[in-house]
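Here's the structure we're looking at; comments come further down.
Any read-out appearing in this document is the output of simple, stated calculations on the displayed coordinates, not a laboratory observation. Because the structure is predicted, anything quoted here is derived from the model rather than measured. Note that we place each Cβ from the backbone using ideal geometry, even for glycine, and neighbour counts take in every protein chain shown.
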Amino acid sequence: MFDSLDDLLKALNPQIVGSLKRAIELGKWPNGVALTEQQRLLCGEAVAYWEQRNAMPESRVGYVPPKATPCADKHEDEAVTWVDG
């Protein structure tokens, strides 16, 4: 059917990707058949690849907005004190 992963990804559209996400979320296909672990992983990969090419970062699965102040900037000059327990 498809000669490469790239050909498969080109055939995906937002509706299909949404269906794949729903199948991953529920653990089953729309007909009620359970996804195998391999199918779940492959669906997740397809969604991630498609979103990388077609979706804005803010709308991708797993997006976490950056903090106004990164954690590393807090207490830069504060000394660390070790406590023996």
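Using a Gaussian network model of the chain in which every pair of alpha carbons under 10 angstrom is joined by a spring, one finds that among PRO14, PRO66, PRO30 the greatest mean-square fluctuation is at PRO66. Report the local net charge at GLY32: Lys and Arg +1, Asp and Glu -1, summed over other residues whose C-beta lies under 15 Å from its C-beta. Overall, the nearby charge balance is +1.
By the gyration tensor of its Cα atoms, with a ≥ b ≥ c the square roots of the eigenvalues, what is the shape of segment 1-69: rounded for a/c under 1.5, prolate for a/b over b/c, or oblate? The shape class here is oblate.
The mean sequence separation of alpha-carbon pairs under 8 Å and at least six residues apart, normalised by the residue count of the chain, gives a relative contact order of 20 percent.
When +1 charges are put on Lys and Arg Cβ atoms and -1 charges on Asp and Glu Cβ atoms, the dipole computed for the chain relative to its Cα centre reaches about 620 debye.
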